[in-house]
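For reference, the structure is listed below as structure tokens.
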Amino acid sequence: MATELQCPDSMPCHNQQVNSASTPSPEQLRPGDPIPDHAGGNRAPRAKVTLLTGHTHSSLPAEQDTGACGGSSLVSESNSGSGDSSSYDAPAGDSFLGDCELSRQIGAQLKLLPMNDQIRELQTIIRDKTASRGDFMFSADRLIRLVVEEGLNQLPYKECMVTTPTGYKYEGVKFEKGNCGVSIMRSGEAMEQGLRDCCRSIRIGKILIQSDEETQRAKVYYAKFPPDIYRRKVLLMYPILSTGNTVIEAVKVLIEHGVQPSVIILLSLFSTPHGAKSIIQEFPEITILTTEVHPVAPTHFGQKYFGTD
């Protein structure tokens, strides 16, 4: 299940200190270690609180040890490719935010895949400028598959009854009908095969959006959808969110074809805080599913994936 960025008042945020005289300081605990209860006695069992690592990195001044972020910090990234913009400078307020700060600034519509070492390695290979194209594509396809699987998990299911080969009645679930995919060309096409691998008969539309040479604003050049897309739930595919402008224009086109933002699930691999925030501010009902929110997006993705770098 994707992680919703929520911070209840009774639970400390990932980047907040647990205030207790009998609790070790966060520096003495490692991610995943339980916080012990020293109250003792025959009290009822209490929920075990653990320190968790988030999907984003805390902002650190230059003179501090960047290793304390819980992940490697990116100094620079190739800015040529097919993200929302050929280059992106993170605004001052978009430094490495914690999950709780993202929740407050962006909202619960932003969902993150639960982080683990496998996903972290795939992200690392995709960002590594020395990675071969074969390794890059292999890692990208794996990460795309994980995002697509979780995206399908966000769609509605209904209960059903089947009979097993032994005659046993099994209560299960199945997809509700009425789903489709839409890829934003060109980099969004990299995600189409991952969707087809999971849904063999799903219909996929396309949108081509490029920056106007004179105004530098996103402009729609081509759009082709299933004729009944207004009845369907839409998995919108675009791997890299930098500014969010391309996706905003794509959603506007979908709305013109009768699609409500509440039935659109945006599947993305990487997003900047600014990109996710811009999209949700424009369309508060849309759902964004991604693996990482980071000020620097790997905008070389499309060119390297299709071999035009």
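No lab work stands behind these numbers, since they all come straight from the coordinates. Owing to the predicted nature of the structure, the values given are computational and were not obtained by experimental measurement. Note: ideal-geometry Cβ built from the backbone for every residue, glycine included; neighbour counts use all protein chains shown.
Assorted remarks:
- DSSP-assigned coil residues among trypsin sites (Lys or Arg not before Pro) in segment 167-254, each with at most 15 further Cβ atoms within 10 Å: Lys177, Arg200, Arg217
- In order along segment 178-193, phi translates into HN-Hα couplings of x, 10, 7, x, 9, 9, 8, 6, 9, 5, x, 5, 5, 9, 5, 5 Hz, rounded to whole numbers, per the Karplus curve 6.51 cos²θ - 1.76 cosθ + 1.60 with θ = phi - 60° and x for Gly and Pro.
- DSSP assigns beta bridges within segment 102-306; of those with both partners inside it, close to 35 percent run antiparallel.
- Among beta bridges that DSSP assigns inside segment 176-290, antiparallel share in %, nearest 5: 25 percent
- Long-range amide H partners of Met237 with built H, under 5 Å: Val182, Ser183, Ile184, Leu267
- Restricting segment 206-280 to GluC sites (Glu not before Pro) that sit in a DSSP loop and have at most 16 other Cβ atoms within 10 Å of their own Cβ leaves Glu213, Glu214.
- A DSSP coil position with no more than 16 other Cβ atoms inside 10 Å describes the following chymotrypsin sites (Phe, Trp or Tyr not before Pro) in segment 152-260: Tyr168.
- Were the residues from Arg186 through Leu155 laid out at 0.36 nm apart, the gain over their Cα-Cα distance would be 8.7 nm.
- Potential extension, Leu208-Glu282 segment - 0.36 nm per residue separation minus Cα distance: 24.6 nm
- Extension reserve of the Phe306-Arg217 stretch, reckoned as 0.36 nm per residue once the Cα distance is removed: 29.6 nm
- Residues listed by number, segment 207-227, amide nitrogen under 20 Å from Lys252 label point at 7 Å toward C-beta: 207-225
- For Gly178, net neighbour charge (Lys/Arg +1, Asp/Glu -1) across residues whose Cβ lies under 11 Å away: +3
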